[in-house]
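For reference, the structure discussed in these notes is given below.
The values are calculated or read from the model by the stated rules, or taken from the named source; none is laboratory data. Being a predicted model, the structure only gives us computed values, none of them experimental. Cβ: placed from backbone, ideal geometry, glycine included. Neighbour counts: every protein chain shown.
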Amino acid sequence: MKPTSTTSERPYAVVFPDASWGNTLFSDQLSPIAAKHPVRWVTNNPQRALAGAPSNVTAISTDELHHMDWSQATAFVLHPCWAATVLPLRPRLLGAWTSGSAGEDQLEASWRGRLAGEASFVLTLSEPYYLDLSFRRDNVFVLDGADETSDWFASQAGLWAADGTDPLPLCRLQRQRREAAYRERLSETGGSSTLMFYRSVYLYLLGDAVGAERELLGAFEQAVLQGDEHALDGIYRFRSALLASQGKLESAVQAYEATAITAVERANAEELRRRLVHGERSLVTVMLLRLNDDHREAASRLERLLNELIVDTGESIVPMDGDKSADQMLSAESKWKVEEVHAGELGRSKHEQAAQAMTARRLLIDSLLQAGCVRRASQWFESNTIQTARDRTDYELLQGTALLLNGSRREAILSFLRATELRQDAIGALTELALLDAAVKRLADGGTATLK
């Protein structure tokens, strides 16, 4: 049963398009929404953009966007180049709809990740991209035509959002259905390493690490029998994440070591073993998750770990104010608590705690950036840890992008300029901004973002 909307006023949808109504990839998903709600289509060329659109779909110009009541609006963003336009408006809900990553240029790829990380929910037409996103964030849906019930959940997500209701409860239901669909296919076709691996991934996303491990081992066995040369690194390695999520760290590290072929992988294995010997179990867990691309769970665990490193005043070091950086939340006199939090892991010297916190913070920032959560990542960046010109450049670029997404365009440009003064190739951020503006102009004119 769908939760009741918290507002008595009629919600409406605002579409930031990928093309004109007649050429959008999402007309089938938008039509049911337009049948229930007024839809405003962002365009400066209504005649071109809305040819053939239902009467309930009306135009709104880019100049009018700042005069709307966004507390009643759900934004459906169909192209990533709109990200810096829509995020500062702070709509009640923001849905990022994307076909996936195929055929996009570098500008689209860069902003697709940022939009997906900052949106309230994401809908995609590609299962591989859906699974990739599911390892980076929650509230992701796929509509790929593979299963009717699964597609129904994805369609309902759009309708719920248009009604002003967060579709998050539907996310787990769709995962359950897709896992069941793979189970049904396996019962019909017999053992298939690909199907078994996919089912293992869905079981893991549903929180059943034990069932996922069992299915994964079956997939690995089938892959070996079929002579799959990627059976070890492409399938078996995932077992290290499954074991780590169960707290079986010794076995998890061994599983990763068994798949370590390259020099980088062997170095990773040595670091895991060293940290495990030193009792840094929380860091070993998140490192294994990250090595398996699970940045969603890794970031969640890292934030909890950092929040457990409490200053003597009792103040959490997790940044609670979006306008403050993490280093502003700590006074110079703050001392690390030395009481045990993880069975001795955090009860070491203040120096060891500080070193562990620095590593955790660095990993957290990277996982947040991998997930596209630029603004959250910028809050965790400590300016007082910057040691090199490259570090300062990266800091300015990150702050500039976060400022842009918050609507502070002038301050963002100043950050990009400071980065360019430090490193000439950082001028790419300013070039990208100009390309982004041009893409938005083409989209608002009823065309596509690129000149293809």
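If we keep just the residues of segment 195-230 that are more than 12 Å from R183 (Cα to Cα) and charged (D, E, K, R), which is surrounded by the fewest Cβ atoms within 10 Å (Cβ to Cβ)?
Across segment 195-230, the extreme among qualifying residues is E229.
Kindly establish whether A377 is among the hydrophobic types (A, V, I, L, M, F, W, C), buried (at least 16 other Cβ atoms within 10 Å of the Cβ) and at pLDDT below 95.
No, not satisfied.
Between S192, S187, S155, which is out of contact with any Ser or Thr (no Cβ under 6 Å at 6 or more places or on another chain), under 30 Å from W70 (Cβ atoms) and of a type in the set (S, T, Y)?
S155
Out of E104, E108, report the one residue that is under 30 Å from L195 (Cβ atoms), surrounded by fewer than 24 Cβ atoms within 10 Å (Cβ to Cβ) and modelled with pLDDT under 95.
Only one candidate qualifies: E104.
Quick one: which residue in L78, L94 is of a type in the set (A, V, I, L, M), within 18 Å of V440 (Cα to Cα) and either out of contact with any helix residue (DSSP H, G or I) (no Cβ under 8 Å at 6 or more places or on another chain) or surrounded by fewer than 22 Cβ atoms within 10 Å (Cβ to Cβ) (or both)?
L78
State which residue is farthest from G103 (Cα to Cα) when the search covers only segment 22-45 and only residues that are in contact (Cβ under 8 Å) with a residue 40 or more places away in the chain and either buried (at least 20 other Cβ atoms within 10 Å of the Cβ) or in contact with a strand residue (DSSP E or B) (Cβ under 7 Å, 6 or more places away or on another chain) (or both).
Here the answer is H37.
For A389, state whether it is modelled with pLDDT under 95, on the phi < 0 side of the Ramachandran plot and in contact with a His (Cβ under 7 Å, 6 or more places away or on another chain).
no
I'm trying to understand the selection: among the residues of segment 409-447, which are of a type in the set (S, T, N, Q) and buried (at least 16 other Cβ atoms within 10 Å of the Cβ)?
Result: S415, T420.
Contact list please: Cβ distance under 7 Å, first residue in segment 353-379 and without any contact (Cβ under 8 Å) to a residue 40 or more places away in the chain and over 16 Å from H278 (Cβ atoms), second residue crowded, with 22+ Cβ neighbours inside 10 Å and of a type in the set (V, I, T), pairs at least six apart or on different chains.
Once the first residue is without any contact (Cβ under 8 Å) to a residue 40 or more places away in the chain and over 16 Å from H278 (Cβ atoms) and sits in segment 353-379, its partners that are crowded, with 22+ Cβ neighbours inside 10 Å and of a type in the set (V, I, T) give A377/I365.
Right, G164: on the phi > 0 side of the Ramachandran plot, buried (at least 21 other Cβ atoms within 10 Å of the Cβ) and either in contact (Cβ under 8 Å) with a residue 60 or more places away in the chain or under 13 Å from the mean Cα position of the chain (by Cα) (or both) or not?
yes
Look through segment 165-218, keep the residues that are assigned to a helix (DSSP H, G or I) and β-branched (V, I, T), and return whichever of them is modelled with the lowest pLDDT.
My answer is T189.
Hey, among the residues in segment 46-62 that are without any contact (Cβ under 8 Å) to a residue 60 or more places away in the chain and either within 28 Å of the chain's Cα centre (by Cα) or in a strand (DSSP E or B) (or both), which one's nearest to L115 (Cα to Cα)?
So the residue we want is I60.
Only one of (1) within 22 Å of the chain's Cα centre (by Cα); (2) over 17 Å from W111 (Cα atoms); (3) among the hydrophobic types (A, V, I, L, M, F, W, C) fails for A419. Which number is that?
Result: A419 passes all but (1).
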